[in-house]
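Participant: One structure, pasted below without further comment.
The values are calculated or read from the model by the stated rules, or taken from the named source; none is laboratory data. Bear in mind that the values here come from a model prediction, so they are computed numbers and not experimental data. A quick note on method: Cβ atoms are made from the backbone with ideal geometry, for glycine too, and the neighbour counts reach across all protein chains shown. Note: areas computed on protein heavy atoms with side chains; ligands, DNA, RNA excluded. Shrake-Rupley method; radii C 1.70, N 1.55, O 1.52, S 1.80 Å.
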Amino acid sequence: MGNRSTTTLCVTSALVFLATYAVAEEPPKPTVMDTVVVTEGRVEETKKSVSANISIISREDIEKSPANNLSDLLAEKGLGHMQKYPSGLTSVGIRGFRTDTHGNDLQGKVLILLDGRRGGSGNATKILTKNVERIEVIRGPGAVQYGSAGIGGVINVITRKGEENSLFVEGGVGSYEQVEGAIGGTFAQNGFDFAGALSYETYGDYDTGGGDSYKNTGIDDQYGVSLNGGYSFAERHRIGVIFNGFNISKSGSPSYLSQNDLDDYTDNSNYSLDLRYDGTTSDSDMNWMVRYFIGQDEDKWVNPIASNPDFWDTGTATKRTTDQQGAQAQISATCGSHTLTTGFDWVDYKVTSSYSPKESTYMNPAVFLLAKGSYLGDTLIANAGLRYDWFQVEVVDPAGREEDQTNLVPKFGIAWLPMENLKLRAQYAHGFMMPSANQLAIDTSHWGTRVVGNPDLDPEKSRTIEGGFDYFLNSFTGSLTYFTTQFEDKITVNYRSDGAQSWTNLGDAKVSGFELELSYDIAELFGWSWEVKPYFSTTLLTEFEDEETGEDLQYVSDVSLSTGISVSNGMGTFIRFNVAHYSEQDVQDYESGSYPAPVVALDAITVADLTGAYRVWEDERFGAVTLRGEIRNLFDEEYAYVKGYPMPGINFFFGLRWDY
């Protein structure tokens, strides 16, 4: 559990924020209570009507961050425990649960979305942020809205839409031979809109905070592309196309620092294409959306020492490819103070790999119903939801079979506004994660042992109760949530009486805790023209126990937090200081080489970053030029998100950006 000093830091920071707010209280102004969000209810709604704890990372937040991908961005936000490796592999945690980085995204416990549909991967490094408008994070179950994997939370990455004509070009250099460049812009005219960005990055091996040279931690090339275009007609109808692509070549796979491997590497890619139509009636009482998407997620691991530099050509490479296609159709109707949203989701995955099983398939159609009603002059908002999923999996090669499964999940929530800027909320929701094709349907032999799927497996399930409040006034925002999650039917390896390896549902856990977010622009107190905004957010887990063993869950930090201050003139010049902290956690020490791996403590992490930009030149005809500087890991902390895989020590970046 967290130590006393960490808890004191959290409480003290909260009291400072509250005291500052109390002095500065003024008559109400428009607040973020009216911010429009889309993730929680699958339609546009104001944040004040949402019963879940939802966090928003705005485009301004993204631009002030040194992060270029979702992995680094969420790490500095202190969202929850992360497992981050040097080779561009990162799983993201919320409330003690994480994404799955190696399988398809049906097998995770936190779900990443791209513009409201499944992203096809749990590896947050593969999602770049140059063309992202905002990120909405549901803390807690999102299974009713989005299906399997929505246990700990849902992260929805929303790309930009063109609303004006603009262009940017930027580039820079940094420590460890880092070179970075990007070009992008937006367009809006005669019903057509477009927003896009192309980016490139390369960097070499880095040194750790302890001064050790960590070889084979660089990448040869990383490319990213994000394009969002559309045409609006008859005022209330839009046809859109979204393309996202990511490719990284020869990303170093160095193994543990103590066993530094100098030539292993990975090649990773992810792409997706969406075709989408949105429409609404003239009175806006009914709207609808239809979408079809395809994509592919691929990982290739290469170990030249064992054979030759190109394993895949010899048929002995380690490679996994997931081909994805899917569709969504939904309609939402408002009648007076009631809104009903219903629809159909469908995804189809084909997984091929160089190891057993060679091929497996997943098909998942689902129907959902979401209802919301406003009462007592729109001060009381109640919502409910229900989702029914069908799953069909098949292990094609080697010998396997086809299995079917179904699952039903509910959700209920309420939001009450006793004051204009105070919202009290409570919610009860289920989450689940479906078994894999292997766990249900495989039938093969591995190292002389028969491996057989168990068709009677149930999905892993969760039940979450949470309650809290949000308070907004002038430039102050505050949020406090308590949650408790009962996790059941964990799928574990089981050896049958005949010696065959299989799987069974065995294991329960309970995770409870508090989430706190605070921010306030103190410049408002003194009438300054610049924004001076300190902020603080934390998750404090009071309980994270395996109920079978009575031990704390492994790979979970009981305290994760982010705090700092941002100073900005609102015209391109800013400076931001950010500190992210994760308390120690119990992990298995695979680096030891012992079996079973002993459980040890992974040290706590505290990492500070300093980012700034200065608008050096601006002209109405020719645009503006901005100089940017970053100091990452400012205090040269020696730290690791995964034992044996330390992160870079202090490093620097300098760049220029032209906006037109």
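Participant: What is the residue count in the stretch 553-563 for residues that are buried (at least 16 other Cβ atoms within 10 Å of the Cβ) and either over 21 Å from the mean Cα position of the chain (by Cα) or within 17 Å of Phe97 (Cβ to Cβ) (or both)?
Facilitator: Within the stretch 553-563, residues that are buried (at least 16 other Cβ atoms within 10 Å of the Cβ) and either over 21 Å from the mean Cα position of the chain (by Cα) or within 17 Å of Phe97 (Cβ to Cβ) (or both) number 7.
Participant: Follow-up question, since we're still on this one. Could you list, in sequence order, the residues of the stretch 50-63 that are assigned to a loop (DSSP other than H, G, I, E, B) and open to solvent by 10 Å² or more (accessible area, probe 1.4 Å)?
Facilitator: If the condition is that a residue be assigned to a loop (DSSP other than H, G, I, E, B) and open to solvent by 10 Å² or more (accessible area, probe 1.4 Å), then Ser58 is the only one that fits.
Participant: Might you check whether a residue that is open to solvent by less than 30 Å² (accessible area, probe 1.4 Å) and modelled with pLDDT under 90 occurs anywhere in the stretch 275-297?
Facilitator: Within the stretch 275-297, none of the residues are open to solvent by less than 30 Å² (accessible area, probe 1.4 Å) and modelled with pLDDT under 90.
Participant: Do we have any residue at all in the stretch 138-158 that's open to solvent by 10 Å² or more (accessible area, probe 1.4 Å) and in contact with a helix residue (DSSP H, G or I) (Cβ under 9 Å, 6 or more places away or on another chain)?
Facilitator: no
Participant: Right, here's the next one. Starting from residues that are open to solvent by less than 60 Å² (accessible area, probe 1.4 Å) and within 17 Å of Ile151 (Cβ to Cβ), keep the ones in the stretch 414-429 and report whichever is farthest from the chain's Cα centre (by Cα).
Facilitator: Result: Gln427.
Participant: Further, regarding this structure: Suppose the filter is open to solvent by less than 60 Å² (accessible area, probe 1.4 Å), hydroxyl-bearing (Ser, Thr, Tyr), farther than 19 Å from Gly431 by Cβ and not in a strand (DSSP E or B); does Ser497 pass it?
Facilitator: Here the answer is no, as Ser497 does not meet what is asked.
Participant: Take the residues in the stretch 35-49 that are open to solvent by less than 40 Å² (accessible area, probe 1.4 Å) and of a type in the set (Lys, Arg), then tell me which one is farthest from Leu370 (Cα to Cα).
Facilitator: Looking at the filtered set, the residue picked out is Lys47.
Participant: Residues of the stretch 344-398 being open to solvent by 70 Å² or more (accessible area, probe 1.4 Å), farther than 23 Å from Gly116 by Cα and part of a strand (DSSP E or B), which ones?
Facilitator: Tyr375, Asp397
Participant: Further, regarding this structure: State whether the residues of the stretch 613-625 include one that is in contact with a helix residue (DSSP H, G or I) (Cβ under 7 Å, 6 or more places away or on another chain) and either open to solvent by 60 Å² or more (accessible area, probe 1.4 Å) or under 30 Å from Gly513 (Cβ atoms) (or both).
Facilitator: No.
Participant: A further question follows. Please go through (1) modelled with pLDDT of 95 or more; (2) in a loop (DSSP other than H, G, I, E, B); (3) open to solvent by 70 Å² or more (accessible area, probe 1.4 Å); (4) under 20 Å from Lys64 (Cβ atoms) for Glu638 and return the number of the only condition it doesn't satisfy.
Facilitator: (4)
Participant: How many residues, within the stretch 222-252, are more than 21 Å from Tyr176 (Cβ to Cβ) and either surrounded by fewer than 22 Cβ atoms within 10 Å (Cβ to Cβ) or modelled with pLDDT under 95 (or both)?
Facilitator: 17
Participant: Give me the pairs, please: first residue somewhere in the stretch 468-481 and part of a strand (DSSP E or B), second residue anywhere and polar (S, T, N, Q) and at pLDDT below 95, beta-carbon distance under 7 Å, and either six or more positions apart or on two chains.
Facilitator: Tyr471/Asn421; Phe472/Thr31; Phe472/Asn421; Leu473/Thr31; Leu473/Asn421
Participant: Could I ask something else about it? State yes or no: is Gly122 crowded, with 24+ Cβ neighbours inside 10 Å, more than 18 Å from Ile242 (Cβ to Cβ), among the small types (Gly, Ala, Ser) and modelled with pLDDT under 95?
Facilitator: yes
Participant: On the given criteria, is Val607 touching a residue at least 60 places away in the same chain (Cβ under 8 Å), touching a strand residue (DSSP E or B) at 6+ places or on another chain (Cβ under 8 Å) and under 30 Å from Tyr645 (Cβ atoms)?
Facilitator: So Val607 passes the test.
Participant: In addition: Which residues, counting only those in the stretch 541-552, are surrounded by fewer than 19 Cβ atoms within 10 Å (Cβ to Cβ) and not acidic (Asp, Glu)?
Facilitator: Thr542, Thr549, Gly550 - these are the residues of the stretch 541-552 that are surrounded by fewer than 19 Cβ atoms within 10 Å (Cβ to Cβ) and not acidic (Asp, Glu).
Residue by residue, here is whether (1) aliphatic (A, V, I, L, M); (2) open to solvent by 40 Å² or more (accessible area, probe 1.4 Å); (3) in contact (Cβ under 8 Å) with a residue 40 or more places away in the chain holds:
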| position | (1), (2), (3) |
| --- | --- |
| Ile183 | yes, yes, no |
| Phe187 | no, yes, no |
| Ala197 | yes, no, yes |
| Asp267 | no, yes, no |
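Participant: Which of the residues that make up the stretch 642-660 are within 21 Å of Asn68 (Cβ to Cβ) and open to solvent by 20 Å² or more (accessible area, probe 1.4 Å)? Before the answer, list the steps.
Facilitator: If we filter the stretch 642-660 for residues that are within 21 Å of Asn68 (Cβ to Cβ), which is where we start, we get 642, 645-659.
Across the stretch 642-660, the qualifying residues are Tyr645, Pro648, Ile650, Phe652, Phe654, Leu656, Arg657, Trp658, Asp659.
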